[in-house]
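Student: Right, I'll just put the structure down here and ask away after.
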Amino acid sequence: MDRDGLADFLKRRRAALQPGDVGLHAGERRRTRGLRREEVASLAHMSSDFYARLEQRRGSRPSAQTIAALARALRLTPDERDHLYDLAGHTAPPRAFRTDHASPGLLRVLERLDTPAQIVSDLGVTLSQNALAEALVGVQTRYTGLRRYMIYRWFTEPALRDIHPKADHPMHSRIHVASLRAVHGRSAEDPEADELVNSLLLASEEFAELWERHEVGTRPPTMKRFTHPLVGPLTLDCQILTSENLTERLVVFTASPGSEEAERLALLSVVGSQEFPAAAR
């Protein structure tokens with residue numbers, strides 16, 4: 001534990017916050033720059049005396065739970081939070097936490113987009129789609145079991161690959177495998193990723209051959225080509241927005257204004273996903 005560093009960091013972060021930043025009223029006779037010690041203690045649900053001792057380089061080592069409470073009270077960024085854990089002599093918890101639900105922040109962004117977009121987990125589970133994404137690639141949120149994973153469907157249900165030109169299939173296969181390799185190697189204990197890899201090794205010779213190449217995190221192309229059965233070929237710009245939770249990302253497909261692709265996207269919004277091929281539905 002770095003007592004001097006911890007005390008200094010707490011004091012500086014406290015001074016950098018204003019009462020309004022944490023929903024407190026400043027009052028008229030406020031002499032303290034930033035928050036008062038007792039205000040931070042109250043926000044962190046601890047005694048003012050205990051917090052004061054931390055800033056005075058005294059007292060016992062704070063627990064990991066206490067550090068987490070202080071990080072929330074001081075509105076620390078992820079990097080600042082990790083630094084606070086380090087100063088207190090603790091290992092910071094991982095920033096990534098995989099769930100079956102998209103984070104509210106990404107959902108709000110998704111709901112405001114007028115172009116195909118979907119929120120996908122690091123293992124390729126589609127957590128949410130807007131209507132245009134469903135029209136472009138089919139409804140992907142209804143799958144269960146191993147079929148929830150995009151990579152599992154790619155290697156076990158060849159008909160689903162038809163949304164991309166056949167010439168692009170090898171590239172997509174490599175990217176899928178390299179992305180899974182990166183996630184699988186990120187943590188020594190990830191039973192969900194382990195089960196997915198083992199299932200694919202048994203189910204697909206193509207996957208097993210690509211897995212043996214040990215390619216990691218191959219960068220996906222910024223342009224993706226689609227072969228839509230109703231509006232024809234589409235080449236769209238693919239942008240990926242990440243969130244604080246590193247296990248999910250927002251994938252957005254756009255077309256240049258006035259282009260033929262933009263016209264086809266407009267048609268796609270009318271056509272919808274109701275007549276999308278049964279295999280993709």
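The values are calculated or read from the model by the stated rules, or taken from the named source; none is laboratory data. Computed from a predicted structure; not experimentally measured. Neighbour counts run over all protein chains shown; Cβ positions are idealised from the backbone, glycine included. Areas reflect the complete protein model, heavy atoms only, side chains present, ligands, DNA and RNA absent. Shrake-Rupley method; radii C 1.70, N 1.55, O 1.52, S 1.80 Å.
Student: Take segment 188-235 and flag every residue that is of a type in the set (Gly, Ala, Ser) and open to solvent by 50 Å² or more (accessible area, probe 1.4 Å).
Tutor: Hits for segment 188-235 are Ala188, Ala203.
Student: If the requirement is being open to solvent by 40 Å² or more (accessible area, probe 1.4 Å), modelled with pLDDT of 90 or more and not aromatic (Phe, Trp, Tyr), which of these qualifies: Arg108, Arg81, Arg72?
Tutor: Values: Arg81 fails: modelled with pLDDT of 90 or more; Arg72 fails: modelled with pLDDT of 90 or more.
Going through Arg108, Arg81, Arg72 in turn, just one is open to solvent by 40 Å² or more (accessible area, probe 1.4 Å), modelled with pLDDT of 90 or more and not aromatic (Phe, Trp, Tyr): Arg108.
Student: Further question on the same structure: Going through segment 135-157 one residue at a time, which ones are within 25 Å of Glu215 (Cβ to Cβ), in contact with a helix residue (DSSP H, G or I) (Cβ under 9 Å, 6 or more places away or on another chain) and either surrounded by fewer than 13 Cβ atoms within 10 Å (Cβ to Cβ) or in contact (Cβ under 8 Å) with a residue 12 or more places away in the chain (or both)?
Tutor: Val137, Gln140, Leu146, Tyr149, Met150, Ile151, Tyr152, Trp154, Phe155, Thr156, Glu157, listed by residue number.
Student: May I ask you to list the residues in segment 177-192 that are free of Cβ contacts under 8 Å to residues at least 40 places away in the same chain, within 23 Å of Glu205 (Cβ to Cβ) and either in contact with a helix residue (DSSP H, G or I) (Cβ under 6 Å, 6 or more places away or on another chain) or not in a loop (DSSP other than H, G, I, E, B) (or both)?
Tutor: Val177, Arg181, Ala182, His184
Student: Can I ask one more? Being in contact with a Leu (Cβ under 7 Å, 6 or more places away or on another chain) and among the β-branched types (Val, Ile, Thr) is the filter here; which residues of segment 144-181 pass it?
Tutor: Ile151, Val177
Student: Which residue is farthest from His228 (Cα to Cα), if the candidates are limited to segment 99-145 and must be of a type in the set (Asp, Glu) and either within 16 Å of the chain's Cα centre (by Cα) or outside any loop (DSSP other than H, G, I, E, B) (or both)?
Tutor: Taking segment 99-145 and keeping what is of a type in the set (Asp, Glu), we get 100, 111, 114, 122, 134.
From what's left, either within 16 Å of the chain's Cα centre (by Cα) or outside any loop (DSSP other than H, G, I, E, B) (or both): 100, 111, 122, 134.
On the way: Asp100: 28, Glu111: 23, Asp122: 25, Glu134: 12 Å.
Filtering segment 99-145 for residues that are of a type in the set (Asp, Glu) and either within 16 Å of the chain's Cα centre (by Cα) or outside any loop (DSSP other than H, G, I, E, B) (or both), the one farthest from His228 (Cα to Cα) comes out as Asp100.
Student: Here's another thing I want to ask about it. Among (1) open to solvent by 20 Å² or more (accessible area, probe 1.4 Å); (2) assigned to a strand (DSSP E or B), there is one condition Ala262 misses while meeting the rest; what is its number?
Tutor: Failed condition: (2).
Student: Among Ile175, Ile240, Ile163, which is the only one that is open to solvent by 50 Å² or more (accessible area, probe 1.4 Å) and of a type in the set (A, V, I, L, M, F, W, C)?
Tutor: Answer to the selection: Ile240.
Student: Would you confirm, using the coordinates I've provided, whether Ser42 is small (Gly, Ala, Ser) and without any contact (Cβ under 8 Å) to a residue 12 or more places away in the chain?
Tutor: Yes: the conditions hold for Ser42.
Student: Also, I was wondering about something else. Picking from Ala68, Ala92, which residue would you name as being among the hydrophobic types (A, V, I, L, M, F, W, C), without any contact (Cβ under 8 Å) to a residue 40 or more places away in the chain and part of a loop (DSSP other than H, G, I, E, B)?
Tutor: Step by step, each of Ala68, Ala92 is checked, and only Ala92 is among the hydrophobic types (A, V, I, L, M, F, W, C), without any contact (Cβ under 8 Å) to a residue 40 or more places away in the chain and part of a loop (DSSP other than H, G, I, E, B).
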